[in-house]
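This report concerns only the one structure given below.
The values are calculated or read from the model by the stated rules, or taken from the named source; none is laboratory data. The model shown is predicted, which means the values in this text are computed figures rather than measured ones. Here the Cβ positions follow ideal geometry from the backbone for every residue, glycine too, while neighbour counts run over all protein chains shown.
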Amino acid sequence: MRSPNLWQSLRLLQRTSYYRDIPRHSIHTATSRIPNFAFAFDIDGVLLRSSKPIPGAADSLALLKDHGIPFILLTNGGGKHETERVAEISNKLQVPLDPSVIVQSHSPFAELVKGADEASSLENKCIMVVGGDGDNCRRVAEQYGFKNVITPGDVFMANPSIWPFSKNFNNYYETFARPLPKPVDPTDPTKGLKVDAVFVFNDPRDWALDTQVVMDLLLSSQGHMGTLSEKNGRTDLPNHGYQQDGQPPLYFSNPDLWWAAAYPLPRLGQGGFREGLEGVWAATTGGPSKGIELKKTVIGKPYQGTYEFAERQLLRNRATTFGDATDLPPLQRVYMVGDNPESDIRGANSYRSEVGSNWHSILVRTGVYSGGEPAWMPQTVADNVQKAVEWALKSSKWPA
Ligand SMILES: [Mg+2]
């Protein structure tokens, strides 16, 4: 005989006078147990599909909130600040959510504002932000704390000859371009604009301009726009001299090559831009066939760095909820619920936790995955997010 539906039991429990109107922290006391597990949910294809809530998603989050079980929303999406994104999701699901529960593909960039030390801090350095609508991503970067942020659009409006074909987009760039902190100096470029880091925050809207400007910086000396490093191509130097002359480090968020949109077939994602740039880089430098790589940092699922950031965020949220009590049980398990084997499942399976937690991958059938043998095998398959949560709670023997 099938055991009683755990979901129903939990909902029933909540409706009893025992739980009603009890502040959330009292519930932990009532259950006399702090969960040693947590959840990470992908958003698209798990909680929402084409911006519409997936049945059971809102109930699942509400239930976890009621029980004080920590969770984060871990998405490769981006282009908006976390507060804006979380307000949208709260509104769609009709579940109040705090901005601290969301980790977007570019969220970890915020840690580079201060860096590991003063020397590595980018707070007051000039950074270039690429991608996104208008300069939304510049404003996200500024909200993170970067104080000197430019876009390829700013460079173009001040120097239209840098990529003449973008004149067709003048009306677009006029809406947000700002004056550069320093001009590109044609007589002595080393006195002009210098860029200290390049961040691809979101899908570029003008791939060609963005490719040109990023290539200019990668081939420059010290990140000065308008220069060309004399080290480029020198076979006596590592990487044939490429990116050996103080050029700005290059960061990418969201490695997804394809994404599911309204069009019947998947569309090229941010990973598509990266592959395009890699191709231009290889054609220019000789590329991998000559042992020359494009040095860059890629974050977003399935990369380790993103899962590390997500786990730190979960631990911070846990400490906020339960206090920094020394008897706080260690976080032993995180259930990663996702619809994409390539990113969600692969990332959870290969993640090695800094605190020794175990990430358990659960693949749902409400998004990208449509059956058959997935490219990356999950530890559990569930029909939808509600079933996934139900299974996980049972597996963690919750409530005790
Ligand atoms: Mg997804």
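Residue count for the range 352-387 satisfying the condition of being basic (Lys, Arg) and more than 13 Å from the ligand (Cβ to nearest atom): 2. Out of 326, 285, 366, one residue alone is buried (at least 16 other Cβ atoms within 10 Å of the Cβ) and at pLDDT below 95. It is 366. Selection over the range 322-351 of residues that are touching a residue at least 60 places away in the same chain (Cβ under 8 Å), in contact with a strand residue (DSSP E or B) (Cβ under 6 Å, 6 or more places away or on another chain) and within 11 Å of the ligand (Cβ to nearest atom) gives a count of 3. Determine if the range 161-180 includes at least one residue that is among the hydroxyl-bearing types (Ser, Thr, Tyr), in contact with a Phe, Trp or Tyr (Cβ under 7 Å, 6 or more places away or on another chain) and farther than 21 Å from residue 273 by Cα. No: zero hits.
Checking each residue in the range 348-400 for being closer than 21 Å to residue 56 by Cα and in a helix (DSSP H, G or I) picks out 385, 386, 387, 388, 389, 390, 391, 392, 393, 394, 395.
Filtered by the rule that a residue be surrounded by fewer than 21 Cβ atoms within 10 Å (Cβ to Cβ) and within 22 Å of residue 230 (Cβ to Cβ), the range 198-215 gives 212, 215.
Taking the range 39-92 as the range and being more than 16 Å from the ligand (Cβ to nearest atom), among the aliphatic types (A, V, I, L, M) and in a loop (DSSP other than H, G, I, E, B) as the test, only 69 passes. Residue-level check: of (1) farther than 24 Å from residue 36 by Cβ; (2) crowded, with 16+ Cβ neighbours inside 10 Å; (3) more than 16 Å from the ligand (Cβ to nearest atom), residue 308 misses just (1). Looking at (1) more than 29 Å from residue 126 (Cβ to Cβ); (2) away from the ligand (no atom under 16 Å from the Cβ); (3) touching a helix residue (DSSP H, G or I) at 6+ places or on another chain (Cβ under 8 Å), which one does residue 319 not meet, given that it meets all the others? For residue 319, the exception is condition (3).
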